[in-house]
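A.B. asks: Here it is, the structure, as structure tokens.
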Amino acid sequence: MITRPGDATDLHELSGAVRTPFSAEATAADVLAGLDLHGRRYLVTGGGSGIGAETALALAGAGADVTVGVRDPERVRSALDPLLRDGAGRIDARPLDLSDLGSVHRFTDGWEGSLDGVVANAGVMALPERRLSAVGWEMQLATNHLGHFALLVGLHEHLAAADGARVVTVSSTAHLRSPFHFEDPQFAVRPYDRWAAYAQSKTADVLLAVGVAGRWADVGVTANSLMPGWITTGLQRHLDDDTLRAMGAMDDDGNRIEQPSFKTPAQGAATSTLLVASPSVDGVTGRYFEDNQEAAVLDDGTGHDRGVARYALDPGNAERLWELSAGYVS
Ligand SMILES: NC(=O)c1ccc[n+]([C@@H]2O[C@H](COP(=O)([O-])OP(=O)(O)OC[C@H]3O[C@@H](n4cnc5c(N)ncnc54)[C@H](OP(=O)(O)O)[C@@H]3O)[C@@H](O)[C@H]2O)c1
């Protein structure tokens, strides 16, 4: 765990987990209320829908210059532009396919100037069959982790050029279902399991933030990860009706339904937005949040639906994953 003497992280050491003034119901706009982000530049991957779109809109709403990395920039531009209010910053949509290393490199090669924060938000969940990217990576690992790893490495100098840039990786409670499987991350040997693949990729999201926190502290970059909550979005597109019903997300007639515990997309975007831009977490790094607060660390994730598994915060695992990922993307 990385701490920097003299910053807000010291509060953590004195009083336990990091606490912020924001409740689980707060929206992304709530956590930015009163902040002026004019002059700040942020990148949100998967910023064309769901939680990512709300994150981008909230940051731009506070005046920031936001780039969304998306597969269909034209569609996203025409969807988001009308939602920007007068006085808001800008949202620029640029092509990015995280499962395609060439696309990631074109994106990072084209970036100019400093970058104040990246929200690694794009993701896919529970693909029913084992699908492979063009270079043979299991698709959930490719999209959720390896693409983001290559993206961040490619943007390092731009993050280092900012004054205290922040990296945020959007993980999930699903990470409690599996540590990272270093022996067979691509399901080349073990039978493919869509939930194990998603869980492993979400553990990788937490470990990536820990890795960035450890490796890039020297250039002033901080990094944290989070669970956004349960939010009805396109993420559930690969789930069948029985699974959705078991989750309370579909009624007997096949209609999608909400539960009191579900969040709106604007609430789901709050923790990402808090971590990338709020002064209430200045200097905090290498940690995992949910409902706008630092989560409890669990020795064993089995049976839990909150908290962060110790294996996901382990610096040794983070270092091992960094080396493995560097080998894949080189
Ligand atoms: N919703 C929840 O309940 C929940 C819970 C826990 C964690 N999360 C996490 O929250 C994040 C955002 O998900 P969401 O719920 O907002 O779902 P979403 O609306 O489906 O957003 C996911 C985004 O990822 C993008 N994406 C997928 N594959 C990509 C690729 N190869 N390259 C670039 N972008 C790609 C999608 O773009 P396209 O439009 O081009 O497909 C989409 O904009 C994910 O990381 C997810 O794991 C969500």
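A.B. asks: Order the peptides 240-249, 307-316 from the highest to the lowest mean number of other Cβ atoms within 10 Å of their residues.
C.D. replies: 307-316, 240-249
A.B. asks: Relative to the present Cα-Cα distance, how much length would full extension add between LEU35 and SER261 at 0.36 nm per residue of separation?
C.D. replies: 78.5 nm
A.B. asks: What length, rounded to one decimal in nm, is gained on full extension from ASP252 through to ASP72, with 0.36 nm per residue of separation minus their alpha-carbon distance?
C.D. replies: Contour length minus the Cα-Cα distance gives 61.4 nm.
A.B. asks: For region 188-229, run through the chymotrypsin sites (Phe, Trp or Tyr not before Pro) and keep only the ones in DSSP coil with at most 16 other Cβ atoms within 10 Å of their Cβ.
C.D. replies: Filter output for region 188-229: TYR192.
Where a number appears in this text, it was derived from the coordinates with a stated rule and is not lab data. Owing to the predicted nature of the structure, the values given are computational and were not obtained by experimental measurement. Every residue, glycine among them, receives a Cβ derived from its backbone with ideal geometry; neighbour counts consider all protein chains shown.
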